[in-house]
1. Mind checking which helices (runs of 4 or more DSSP H) fall wholly inside the range A:82-194 and carry at least 2 residues that are more than 8 Å from chain B (Cβ to nearest Cβ), over 17 Å from the mean Cα position of the chain (by Cα) and over 17 Å from A:G215 (Cα atoms)?
2. Can you tell me which residue is nearest to B:V84 (Cα to Cα) among those in the range B:276-304 that are free of Cβ contacts under 8 Å to residues at least 40 places away in the same chain and more than 8 Å from chain A (Cβ to nearest Cβ)?
3. Can you go through B:L204, B:L197 and tell me which one is within 12 Å of chain A (Cβ to nearest Cβ) and free of Cβ contacts under 8 Å to residues at least 24 places away in the same chain?
4. A:L165 fails exactly one of the following numbered conditions: (1) over 23 Å from A:D247 (Cβ atoms); (2) touching a Pro at 6+ places or on another chain (Cβ under 7 Å). What is the number of that condition?
5. Given B:A90, B:A98, B:A102, which one is crowded, with 21+ Cβ neighbours inside 10 Å and more than 30 Å from A:L167 (Cβ to Cβ)?
6. Consider the range B:136-168. How many of its residues are within 22 Å of B:A109 (Cβ to Cβ) and touching a residue at least 12 places away in the same chain (Cβ under 8 Å)?
7. With respect to B:A161, is the statement that it is surrounded by 23 or more Cβ atoms within 10 Å (Cβ to Cβ) and either away from chain A (no Cβ under 13 Å) or out of contact with any strand residue (DSSP E or B) (no Cβ under 6 Å at 6 or more places or on another chain) (or both) true?
8. Scan the helices (runs of 4 or more DSSP H) fully inside the range B:199-315 and keep the ones with 1 or more residues being closer than 22 Å to A:I126 by Cβ.
Amino acid sequence: MTAPVKEVGAPAPGRPMLAGPRWRPGESLFRWLLLACLSVGIVFLIALLAYVVGEAWPRLDSRLWNNFPSIRRPENAGAQSAIFGTIWVISFTALFCLPTGIMAAIYLEEYADQERWYNRLIELNIQNLAAVPSIIYGILGLGLLARQLALGTTVLTAALTLSLLVLPVVIIASREAIRAVPQSIRHASLALGATQWQTVWRQVLPAAVPGMATGSILALSRAIGEAAPVIMLGAVTFVMFNPEGLDSSYTVLPVQIYNWISQSRTEFHHLAAAAILLLLVILLVMNAAAIWLRNRYARRW
Amino acid sequence: MSTSAPKSVAGTPNRSLRRTRPRYGEAVIKGLLMAAALVSVATTVGIVISLIPPAVDFFRQVSISEFLTGTDWTPLFSDKKFGVLPLVAATFVITGIALLIAVPVGLGAAIYLSEYARPRVRQLLKPSLEVLAGIPTVVYGFFALAFITPQLQDILPEAWALEVRSGLAAGLVMGVMIVPTIASLTEDALSAVPHALREGAFALGSGKRTVSVRVVVPAALSGIVAACVLGISRAVGETMIVLIAAGVSTGLRFNPFMEMETMTAFIARAASGDVPVDSIEYNTIFAVGALLFLATFVMNLIAIRLVRKYREVYE
């Protein structure tokens, strides 16, 4: 690029002149400031992980998953009932919320006429629910499911409550996956005489499965880490046994962690850190699986 | 296909393309799918009907003016006072501290990612924000109580008397927790600003900073405000961090160095204790819950409206 307005202090030849003739201290200061903003989160993340690993180190052994919680003897305490409780609750959460969420997404994307007021209401409602505080879902679980429907504070109540909590996330992610399937596929299928459901079932859904799986895994990983609503649903007490059914009482990992944090002795503090590390590893594996799925099966149309 | 179709075509040439036979299976499927979508509406209805009866019971015994203007909050003690202001004040103070961190940091990070970062850098940095968003809040609470508070007690002058549980530690950590929410929504809004606006400003001789601050940010303002409102909504509704790191209080206080209890923390603490059903203590949970739901509901609707507005302008 040949610069017609050459002046003293111009940048080296070959660099575009349009970037400005002068060195601007404000510009680079601003850039560094922005980078500092971004690094706040990253530094925080590193500090958090380093601290948790450091605190958890003395307690990272098989006691964590072989033993049950104990108030009197922290050196023998473990989180087995919480681990099994989490598996029970999350399995049923997945069973409840994934089919419902995916079906709702299919309805909104493939069937709903967006001009109708009730469809717009459903849409607005989902957007709002996605931002309702999780503790409010705890109130729903306590007031409606546990008391009025008399389900008690059981695995079933917790799984239903968490399903409703992550349902908007599943719906929003599934809708995006469905929307990414190009219209031409649907038109071709319909033109060949397929009905609307045949088109959805045989063309749209297979193409949208990877995206929906990614979104579903992320939604479930949110449910695994959620403590606030479950605290209200009877998971707080020290539970010395694994759940045996839907009507069993239970505890889950985040609530067990909260319990140990509330204890004053330092042994419980290390135990809490070890359980946090276990929880973070589970979430990391799930997130990695989601990213792998997205990259492995992502289709460019 | 049935043989009746060609016949009817011959008989009525102007026949529409609609199918000749009703397909009951298709209608059933559509009904099922719609029922699944209605579960979300049922959730909202469920929240409202689980809140209203106990809240109405509560306000039969406690006047609304006492609830909204009282400055003492001791519903779980024997001398019961039901002034919700201490909880509201604590929520305001902690949310304020969180926003002081989250709004500038989130905005800066979003501007960097959208306007400055090269694609490779963005691919590397953006997931780290997503990881931050995926960490359970109980972990944030643990970090605030066990790491941030001792650090702050070392740094701050002793005369400020930072307590072991304080609004400050909870607010700071909550601020970092909201950064991903604000950053990712703001980045969406910034990316939606058409390139022509930026090129026009560059052509007039503006530097990159001027373009970012004076052109792109104002153009995306409604989206940015929506991001901040959603951030506030998350801060107000966050429970575990404040439950673990902010403590308990009964009186009205604004000093962030002291213990304070937010609306969410009270709900969680009261509901996890042994509260007899249908007692005034039990109903208190739902009265505070109704206030919290109303507050976040209004903020969510504002945010949703604002997001729609900027989408309409540029798409």
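1. So the answer is A:117-130, A:155-179, A:183-191.
2. Here the answer is B:L294.
3. B:L204
4. Of everything listed in (1) over 23 Å from A:D247 (Cβ atoms); (2) touching a Pro at 6+ places or on another chain (Cβ under 7 Å), A:L165 misses just condition (1).
5. From the options B:A90, B:A98, B:A102, the qualifying one is B:A90.
6. 6
7. Spelling it out, it is not the case that B:A161 is surrounded by 23 or more Cβ atoms within 10 Å (Cβ to Cβ) and either away from chain A (no Cβ under 13 Å) or out of contact with any strand residue (DSSP E or B) (no Cβ under 6 Å at 6 or more places or on another chain) (or both).
8. B:221-237, B:280-314
The values are calculated or read from the model by the stated rules, or taken from the named source; none is laboratory data. The structure displayed is predicted, hence computed values, not measured ones. Note that we place each Cβ from the backbone using ideal geometry, even for glycine, and neighbour counts take in every protein chain shown.
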